[in-house]
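> This structure is in structure tokens; I'll ask about it shortly.
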Amino acid sequence: MTEISRRPHSEKKDPHWVEWAVGIVSGLLILTIMGWVGFEAITEEDQSPSFRTAIIQKSAIESGVRVEFEIENLSTRTAAAVVVRGEIRDGITVVESAEAMIDYVPAQSKSSGAIIFSTDPGEKAVWVGAVGYSDP
Amino acid sequence: MSKSMQRGRPKAQEPRIFLVGLGRGAAGALLFGIPMLMTMELWELGFYMERHRLFLLLLANVPLLIFLADRVGFERTTTLIQACRDANIAYGLGVLMSAGILILFGDIKIGMPFSEIVGKIAIQAVPASIGALLGRSQLGGSSDDQHGGKHDDSNDGDNAARDDNEDAVPDELSTSYAQELMLMAVGALFLNLNVAPTEEIVLISFKMTPWHALATMIISIGIMHAFVYVVAFKGTHEMPAGTPWWHAFFRFTLPGYIVSMSISFFVLWTFGRLDAVASTQALMFVIVLSFPGSIGAAAARLIL
């Protein structure tokens, strides 16, 4: 009685063709993925993170004005703890500045966030950009 | 004794056996659910993850539970209706245990928004319900009410394996190919849910170069195969004599890895980790998460 539970599982001697089909398709898929990753490994240049920020939307909220932005990492290296600063500028003088921290901006990917100003920029220029990051 | 439990249990014992089953389920939910119940990221996901993805995860859990209830469960089931009933109970147990523990930890309090409370419980209920169904197989009693009186039919060693495949007892080791893949999916999902919510998965893949990822893939596949066919765990699988090793490698290990990768992808997408991430980077996340996933998949084939 106890021997049954102890006996090793055993695979069938004459498997259905579906098993082979699934196996071969899986093998091909894995090879494709490995090929892709391998290609990346060979061709990847070691770039330093570089960013492009864009303002998506400005909306008035209770405590001021919320400026939503999107930040894109154009390089092949991920940046962590990216500090994004937003400034309201009147000519060359900075009227107000505020910062937001983005945990990660993965390589060639986008992250988003928002900066909240207490004053309404109105017609003044709003600048948003990354001012620092750390390597993960 | 085991015979009498298998064939026609005495009526008076039924509620008691059922209650014991419930207890095992609750114990399983606790044992397997506790790492996730104590993970901060999973609490947070409970209130911020997109509701349609959470809903999909909760739905996807249902067939897995029915399958598990049929294969393992916390009591012996013979029909699909019974399996559905047990899956239902397990889901309920998962919800109850999650709610109880989260309240105990002060993570759910009066005055919190209703959607936050529901979200937190719902996401924890998935691993807890799987745990509830693993309760029986892992926390005992199984050989007692499983294999009773079966060995009477004269099986000699050689064709014993074939007999298994035609056996009518559902949790006897008669797994069809699809079931074997499903088992791997459950194992992968379970381990994935353990680690996917943490920030480390993302962080690790950022630290890795594509070369690391390639090595991780090869090692994951190697570990999967070794777990099941090489290392002599209890429940290890044997190939019939004269079959080359690559037969099992192609028929089980490689599809198993693809299953594990698919589950990893699904879990990462569910948790919103793949949003606005470049495809190569997303693939790296999947490869990293497939590492524990494939170990879970292989382990599921051994222990379930």
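> Answer yes if at least one residue in segment B:217-233 is open to solvent by less than 20 Å² (accessible area, probe 1.4 Å) and in contact with a Lys or Arg (Cβ under 7 Å, 6 or more places away or on another chain), and no otherwise.
Taking every residue of segment B:217-233 in turn, at least one turns out to be open to solvent by less than 20 Å² (accessible area, probe 1.4 Å) and in contact with a Lys or Arg (Cβ under 7 Å, 6 or more places away or on another chain).
> Just for segment A:52-65: of the residues that are of a type in the set (A, V, I, L, M) and over 25 Å from the mean Cα position of the chain (by Cα), which one is least open to solvent (accessible area, probe 1.4 Å)?
Result: A:V65.
> Next question. Go through segment A:115-136 and give me each residue that's closer than 26 Å to B:I201 by Cβ, of a type outside the set (S, T, Y) and in a strand (DSSP E or B).
Within segment A:115-136, A:A130, A:G132 meet the criteria.
> Okay, moving on. Among the residues of segment A:66-81, is any over 11 Å from A:P106 (Cα atoms), open to solvent by 20 Å² or more (accessible area, probe 1.4 Å) and either free of Cβ contacts under 8 Å to residues at least 12 places away in the same chain or among the basic types (K, R) (or both)?
yes
> Let me ask something else. With within 13 Å of chain B (Cβ to nearest Cβ) and within 30 Å of B:I204 (Cβ to Cβ) as the only criterion, which of A:R77, A:R52 stands out?
Going through A:R77, A:R52 in turn, just one is within 13 Å of chain B (Cβ to nearest Cβ) and within 30 Å of B:I204 (Cβ to Cβ): A:R77.
> Here's a follow-up. Report yes if A:S97 is assigned to a strand (DSSP E or B), open to solvent by 30 Å² or more (accessible area, probe 1.4 Å) and within 14 Å of chain B (Cβ to nearest Cβ), otherwise no. Steps first, answer last, please.
Working: assigned to a strand (DSSP E or B): yes; open to solvent by 30 Å² or more (accessible area, probe 1.4 Å): yes; within 14 Å of chain B (Cβ to nearest Cβ): no.
It is false that A:S97 is assigned to a strand (DSSP E or B), open to solvent by 30 Å² or more (accessible area, probe 1.4 Å) and within 14 Å of chain B (Cβ to nearest Cβ).
> Still on this structure, I have one more. Could you go through segment B:284-297 and let me know if any residue there is out of contact with any Gly (no Cβ under 9 Å at 6 or more places or on another chain), open to solvent by 40 Å² or more (accessible area, probe 1.4 Å) and not assigned by TED's automatic domain parsing to the domain that holds B:L134.
Looking for residues that are out of contact with any Gly (no Cβ under 9 Å at 6 or more places or on another chain), open to solvent by 40 Å² or more (accessible area, probe 1.4 Å) and not assigned by TED's automatic domain parsing to the domain that holds B:L134, one finds at least one in segment B:284-297, hence yes.
> Any chance segment A:34-44 includes a residue that's within 22 Å of A:D135 (Cα to Cα) and part of a loop (DSSP other than H, G, I, E, B)?
Yes, because at least one residue in segment A:34-44 is within 22 Å of A:D135 (Cα to Cα) and part of a loop (DSSP other than H, G, I, E, B).
> Here's another thing I want to ask about it. Looking only at segment B:238-282, count every residue that is among the aliphatic types (A, V, I, L, M), within 11 Å of chain A (Cβ to nearest Cβ) and touching a residue at least 40 places away in the same chain (Cβ under 8 Å) and tell me the total.
Looking only at that region, the number is 1.
> Filter segment B:190-216 down to the residues that are open to solvent by 10 Å² or more (accessible area, probe 1.4 Å) and either outside the structural domain of B:G272 (by TED's automatic domain parsing) or over 28 Å from A:I42 (Cα atoms) (or both) and list them by number.
B:F190, B:L191, B:N194, B:V195, B:T198
> Moving to a separate point now. Mind checking which residues of segment B:83-119 are over 16 Å from B:I34 (Cα atoms), of a type in the set (G, A, S) and open to solvent by 20 Å² or more (accessible area, probe 1.4 Å)?
Passing the criteria: B:G92, B:G111, B:S115.
The values are calculated or read from the model by the stated rules, or taken from the named source; none is laboratory data. Quantities reported herein were computed from a predicted structural model and do not represent experimental measurements. No Cβ is skipped: glycine too gets one built from the backbone with ideal geometry, and neighbour counts run over all protein chains shown. Calculation scope for accessible area: heavy atoms of the full protein, side chains included, ligands and nucleic acids excluded. Shrake-Rupley method; radii C 1.70, N 1.55, O 1.52, S 1.80 Å.
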